[in-house]
Amino acid sequence: MGIAKPTINLKLKVWRQKDNNSKGGFKEYDAKNVSQDASFLEMLDSVNEELINKNEEPILFDHDCREGICGSCGFMINGNAHGPQKSTTVCQLHMRAFKDGETLVLEPWRASAFPILKDLVVDRSSFDRIIKSGGYISVNTGNARDANNILIPKPDADEAMASATCIGCGACVASCKNASAALFTSAKIQHMALLPQGKVERAQRALDMTAQMDAEGFGACSTTGACSAACPKDISLINIATMNRELLKATIAKPEEHVGGGDG
Amino acid sequence: MSNKLDSNIPSGDIGDKWTKHKFDMKLINPANKRKLTVIVIGTGLAGASAASSLGELGYKVKAFCVHESPRRAHSVAAQGGINAAKNYQNDGDSVYRLFYDTVKGGDFRAREANVHRLAEVSVNIIDQAVASGVPLAREYGGLLSNRSFGGSQVSRTFYARGQTGQQLLLGAYSSMMRQVDLGTVELYTRREMLDLVVIDGKARGVIIRNLLTGEIESHEADAVVVASGGYSNVFYLSTNAMACAVTAAWKAHKKGAFFANPCYTQIHPTCIPVHGENQSKLTLMSESLRNDGRIWAPLKKGDARLGKDIPEAERDYFLERIYPSFGNLAPRDVASRQAKYRVDEGHGALGEKAVFLDFKDSINRLGEDKVAERYGNLFQMYDKITGENPYKQPMRIFPAPHYTMGGLWVDYNLQSTVPGLFVAGEANFSDHGANRLGASALMQGLADGYFVLPYTIGNYFANTKLGKVETTNDAFKHAANETQTELNKFLSVKGSRSVESLHKELGHIMWEKCGMARDKAGLTEAISKIQNLRKEFHSNVNVPGEGKGINNELEKAGRVADFIELGELMCRDALTREESCGGHFRSEYQVDGEAKRDDEKFCHAAAWEWNGSADKTQTRHQEELTFDNVHLATRSYK
Amino acid sequence: MLDFLKSTVGRKYIMGISGLVWMGFVLTHMAGNMLILVSPDLYNAYGHAIVSNKLVLYGAESVLVLALIVHVTTAISLTIENRKAKGTRYAVNPNGDKGPTLASQTMGLQGSLVLAFIITHLATFKYGKEYETVVNGVPMRDLHRLVVELFQQPGYVLWYVVALIVLMFHLSHGAHSIFQSFGFLERKMVKGVRKFAWAYAIIVAAGFLSQPLYVYLLKGN
């Protein structure tokens, strides 16, 4: 805005794959005259516009809100989840972060639990199934008591919020060499374990959610911290420690089995 | 004609209507609920809360969303907060005051009874959200924290940092996922509703396109809830997410649901200005910034200096000057319009289309830490997008399309003109009149889903005889065929214009002629331009790829085709409404730059009826609005 | 409990507990061996004392062997599963702020090297040449002589230095991860734990390193 910046030219090597059953491969594209004020996805929009005008299929990538909150977007740029900038989703990454003449390699999230659907789009429904297995508090509509009857110390509320801020983009899994979903799963466990409302079901929740996490085929946490470094919302590794503790406590306490998670 | 629009407002005193109505409505016994299926289209705040509540009651629910996960619905992006008349701050708030503020804020174009109900259930929403684990901000004593918001003089807004929408959505999403786990809700993701199926005059199902496979699916039900959000993307550039579309609502409209007040659109004052031709969307920054930020424009015309270099004496804090009692917290429509005037008069920031939003005084008063605690994520976002540090220099902001008050017409029970079709959240027209106050969209979405629909849908079932329908019924087959034919048409044109370029052109027309200010000549011109654009679209669009598998361009083509038809209706609605009210500002009708309503002629909601073809002008119906409690008056924030 | 032990989280506990056994062992082993810097007789007497008490010796040895087997097999099973979970690897490795540390990228390689080291170490010392000596009238094995002999070969010292540096990284990761895996970690402790882990690893590695280097440099002739 204000002061116009010079435009840059880039070479893109993009992973193209027709569908899950097809073999994929890299294809090269030129991104010319890219404004440095544009976002990364806007740069791809222009590449796509050119492809469409040439009657070629545009590069498919997931995206929606384009303000870093919906968690739809995300792919690897030169091996970095969401690109080189910390605390940023790729939709909020602007072309100021790149230099003229750079070659950028775009790859989809890689994890067996995130099968590739097409090009840079992967299926993250495994995350939904982890939440479904217990990432909730069993309260029916209309059962709530006055919100101020539940006192929550500000530090706990703030900490819970810091964990709850996860957008479920999958960058943690993508950047983990083991494709572990520990950061995602633990953030929800931590969020709910910190709140008085969530304490009742915390043991069962830890058991169910971690079991689902394993069943989806995510790997184990090796405490490398790559997940947290790539996380656009700076979710802390501490959450994973909490998850491990919650699971051990839950295992020792052996809560009563109930089928299909918490029943209302 | 207006007899077609029975609002079904219960009798009695405004404060008793909802209580009385809840008792008068009939109930369904649990064994029968299991046999009844409800389809919910959209899983944002309204859809997810409706799906989970209906599932808890025992109905069979099928929930559909275009996203890969319900958690990505655009409710997620609401930042500032959610209103509730809790009066925790002891600053004079009450249900009646929230009701009063909302009716007045809507410039007397909302239905009083609906608004009062909204204010009543607002308190339950906060309780429900907290109970389901939403980490709303707390004070050191452990109690909930509040902030103030535009258009109100009390502090009634609850928030979770600058991510209130995200947290409320995740709350509703997790409640719904619990029902999915329990088997009462079946979740269908990456599915788009492309038609409503009406049998014997009642909504009995939907036609869905599976966005992964391209298959056309038919789903039958006993009632359908459309909670598919608003249509701001008709402007191309808006703060809405890329997938936000009018399609589900528009298809229902074409099957008989009237579309009300399409011209009521909200332009939000605090957005990051446009930066170039390739911009894909605009980014909103929470209105809560106006709590501590001061809005100003340079006094000197064409002043190209950076904000920080302009001395105090050469600044015009125009909102504080014009509206001394509300100052920077004037309602959105008013604040947006004043910013537009400054720019039109040549007082834009850096000589461009923007004004300044300055935190210098707050940083001096509160310290950078406190400001960062309140707005840190917004400042960071601004920095990322513009590359400028708002702690060091004033932000630049400009209004952008953000929310649409218009939508499918519904009665008090949130039922549209098609029996069995209910509409919730931003997709309906009901509660905000001609202008929505800040922090009340989240409130309305959750009110509809958690606390209104579960009652009124039950009442519909109890009073309606519903035979069994199958997807093998001719109506389903016919609708599925028509849908497939339309998709094939898009694919077969093979013209020279991309969907994106046509959408941009539509957005340009809409923003210039049906944006912050409208007039007769402009609207007339816009209608003919849009009609031509529609022809251009259907004869010259280029949709690459095929109907099978994922085809993003095909999805976009369908949405833009609907936006074009809607755009024309918006202009026609704006043209017919010869007055200014709230977000609808007709340049011909003003007093010193403020909206001039015409209560004699236009104290009604206008609901449009589709006449079978886009070439036929739609029929306008009226629902007269009465104001028995908050008396009609000129809205003043001075 | 079985489910727990089979889960990815549970197996990290197993890694931690078995690792902890060895962490305790290497620390005491290093401390005891420092006697080499004091006198050959003390060094030999210390070794003799350990092997004389058969009950303690076999008890300790079986715990260590068991821990090692558990540690290694669990590591292998996790590595296999992790590889499977990742599937295809990226064409480009990450760098910059989001790039992983070399130490964390090469845990498996480190582990293999450490295992190789343990095996050669046992072969050369525990099951190596049996020299005899007499200290205070008690006949015993002259380990000191063997150590001095071996550590005067530059190749052997170099292998030791490399192996111990690898061990240091392995230990620092382990010491840090235990807090994380066991869930002891709280936000306030993060920096402290990281420092503690490095302090522990450096002390162990430096202590061990001082021994071959001392022999090589000072006892060279």
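A short reminder: the numbers here are calculations on the coordinates, not readings from a lab. The shown structure was predicted, so the numbers you read here are calculated from the model rather than taken from an experiment. Don't worry about glycine lacking a Cβ; one is built from the backbone with ideal geometry, like all the others, and counts go over all protein chains shown.
Laid out as a table, the results:
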{"read-out": "Unit Cα scatterers, Debye sum, the range A:125-253: log10 I(q)/I(0) for q = 0.15 Å⁻¹", "value": "-0.67"}
{"read-out": "Fluctuation leader among A:197, A:17, A:212 - chain A, Gaussian network, Cα springs under 10 angstrom", "value": "A:197"}
{"read-out": "Volume per residue that the Cα convex hull of the range A:7-118 spans, once the total is divided by residue count, Å³", "value": "105"}
{"read-out": "Rg/Rg_ref, the range B:326-400, where Rg_ref = 2.2 N^0.38 Å and atoms are Cα", "value": "1.17"}
{"read-out": "Whole-Å distance, taken between Cα centres, linking the range B:97-144 and the range B:281-327", "value": "29"}
{"read-out": "The protein assembly as shown: Cα Rg divided by the 2.2 N^0.38 Å rule of thumb", "value": "1.04"}
{"read-out": "D_trans [Stokes-Einstein, Kirkwood Rh over alpha-carbon pairs] for the range B:159-235, 4 °C, 1.567 mPa s, µm² s⁻¹", "value": "86"}
{"read-out": "The range B:474-624, Rg to Rh (Cα coordinates; Rh as Kirkwood inverse mean 1/r)", "value": "1.06"}
{"read-out": "Computed Kirkwood radius, in angstrom, where 1/r is averaged over Cα pairs of the range B:446-486", "value": "12.9"}
{"read-out": "Where only C-alpha atoms are counted, convex hull volume of the range B:1-88 per residue in Å³", "value": "210"}
{"read-out": "Candidates A:89, A:185, A:165: whichever shows maximal mean-square fluctuation once chain A is modelled as a Gaussian network with Cα springs under 10 Å", "value": "A:165"}
{"read-out": "DSSP bridge orientation in chain A - percent antiparallel, rounded to nearest 5", "value": "75"}
{"read-out": "Amide H within-cut-off set for residue A:180, under 5 Å, with H built and near neighbours excluded", "value": "A:219"}
{"read-out": "Coil-residue chymotrypsin sites (Phe, Trp or Tyr not before Pro) of the range B:314-345, DSSP, other Cβ within 10 Å capped at 16", "value": "B:317"}
{"read-out": "Under 18 Å, Cα to Cα: Lys pairs in the range A:7-118, sequence gap 8 or more or different chains", "value": "16"}
{"read-out": "Rg followed by Dmax, in Å, when the range B:422-556 is reduced to its Cα trace", "value": "20.8, 53"}
{"read-out": "Dipole magnitude of chain B, debye to nearest 20 (Cβ charges: Lys/Arg +1, Asp/Glu -1, about Cα centre)", "value": "580"}
{"read-out": "Amide hydrogen neighbours beyond the local backbone of residue B:36, cut-off 5 Å, H modeled", "value": "B:60"}
{"read-out": "Fewest-first ranking of B:489, B:529, using other Cβ atoms within 10 Å as the exposure measure", "value": "B:489, B:529"}
{"read-out": "Farthest toward positive dipole pole in chain B [+1 Lys/Arg, -1 Asp/Glu at C-beta], among B:503, B:582, B:32", "value": "B:32"}
{"read-out": "Calculated from backbone phi, Karplus (6.51, -1.76, 1.60) coupling profile of the range B:607-614 in Hz, x at Gly/Pro", "value": "10, 9, 10, 5, 10, x, 7, 5"}
{"read-out": "Taking the convex hull of Cα positions in chain B, its mean projected area over all directions (nm²)", "value": "26.8"}
{"read-out": "Computed magnitude of the charge dipole of the range C:74-145 (debye, nearest 20; Cβ of K, R +1, Cβ of D, E -1)", "value": "320"}
{"read-out": "Antiparallel DSSP beta bridges within chain B, percent to nearest 5", "value": "70"}
{"read-out": "Ranked by how many other beta carbons lie within 10 Å on average, peptides B:440-448, B:565-573, A:95-103 from highest", "value": "B:440-448, B:565-573, A:95-103"}
{"read-out": "Pairs of Cα atoms farther than 26 Å apart, chain A, %", "value": "47"}
{"read-out": "Sorted by Cβ density within 10 Å, fewest first, the residues C:50, B:457", "value": "C:50, B:457"}
{"read-out": "In sequence order, calculated HN-Hα J values of the range B:579-585 (Karplus, 6.51, -1.76, 1.60; Hz; x Gly/Pro)", "value": "6, 10, 8, x, x, 9, 10"}
{"read-out": "GNM flexibility winner over chain A from A:51, A:247, A:12 (Cα, springs under 10 Å)", "value": "A:51"}
{"read-out": "³J(HN,Hα) computed for each position of the range B:460-477 - Karplus, 6.51 cos²θ - 1.76 cosθ + 1.60, integer Hz, glycine/proline x", "value": "4, 4, 5, 9, 10, 8, 10, x, 6, 10, 10, 6, 7, 4, 4, 4, 5, 4"}
{"read-out": "Interchain or long-range residues, amide H under 5 Å from residue B:186's placed H", "value": "B:61, B:62, B:63"}
{"read-out": "For the protein assembly as shown, share of DSSP beta bridges that run antiparallel, in % to the nearest 5", "value": "70"}
{"read-out": "Shape call, the range A:106-156: gyration tensor on alpha carbons, a/c limit 1.5", "value": "prolate"}
{"read-out": "B:134, C:147, C:56 arranged by Cβ crowding within 10 Å, fewest neighbours leading", "value": "C:56, C:147, B:134"}
{"read-out": "Kirkwood Rh, angstrom, chain C [1 / mean 1/r, Cα pairs]", "value": "19.5"}
{"read-out": "Bins of 5 Å from zero: percent of alpha-carbon pairs in the range B:268-401", "value": "2, 11, 22, 25, 22, 14, 4, 1, 0"}
